[in-house]
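Undergrad: First the structure, which I've put down as structure tokens, then a few questions once you've had a look.
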Amino acid sequence: MAKGKNQHVVKHPDGWAVKGAGNSKATKVTRTQAQAIDKAENIARNQKSDTKIHGENGKIRAGNSYGNDPCPPKDKK
């Protein structure tokens, strides 16, 4: 299965938006960042892609991979 677009959570005039990488329009706009992160994670899991969480300043502050991670964790819990 092909990997989907990374999902970015970014500040929006109406709250927070989930945008696919390279998209000009938001996939979803929510009131809170937590709601946007939840939506982005669901999309990323379905598409086997990554999330990129941006802070209020626009810089990426967190993220997660839901696809084939080229650097998987070494500890096997």
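The values are calculated or read from the model by the stated rules, or taken from the named source; none is laboratory data. Worth saying up front: this structure is predicted, and the values here are computed from it rather than measured. We place every Cβ from the backbone using ideal geometry, glycine too, and count neighbours over all the protein chains shown.
Undergrad: Show the residue pairs meeting these rules: Cβ distance below 7 Å; 6+ apart or different chains; first residue within segment 6-25 and without any contact (Cβ under 8 Å) to a residue 40 or more places away in the chain; second residue exposed (fewer than 12 other Cβ atoms within 10 Å of the Cβ) and not hydroxyl-bearing (Ser, Thr, Tyr).
TA: Gly15/Arg31
Undergrad: Does segment 6-55 hold any residues that are surrounded by 15 or more Cβ atoms within 10 Å (Cβ to Cβ), assigned to a loop (DSSP other than H, G, I, E, B), in contact with a Gly (Cβ under 7 Å, 6 or more places away or on another chain) and at pLDDT 95 or above, and which are they?
TA: If the condition is that a residue be surrounded by 15 or more Cβ atoms within 10 Å (Cβ to Cβ), assigned to a loop (DSSP other than H, G, I, E, B), in contact with a Gly (Cβ under 7 Å, 6 or more places away or on another chain) and at pLDDT 95 or above, then Thr27 is the only one that fits.
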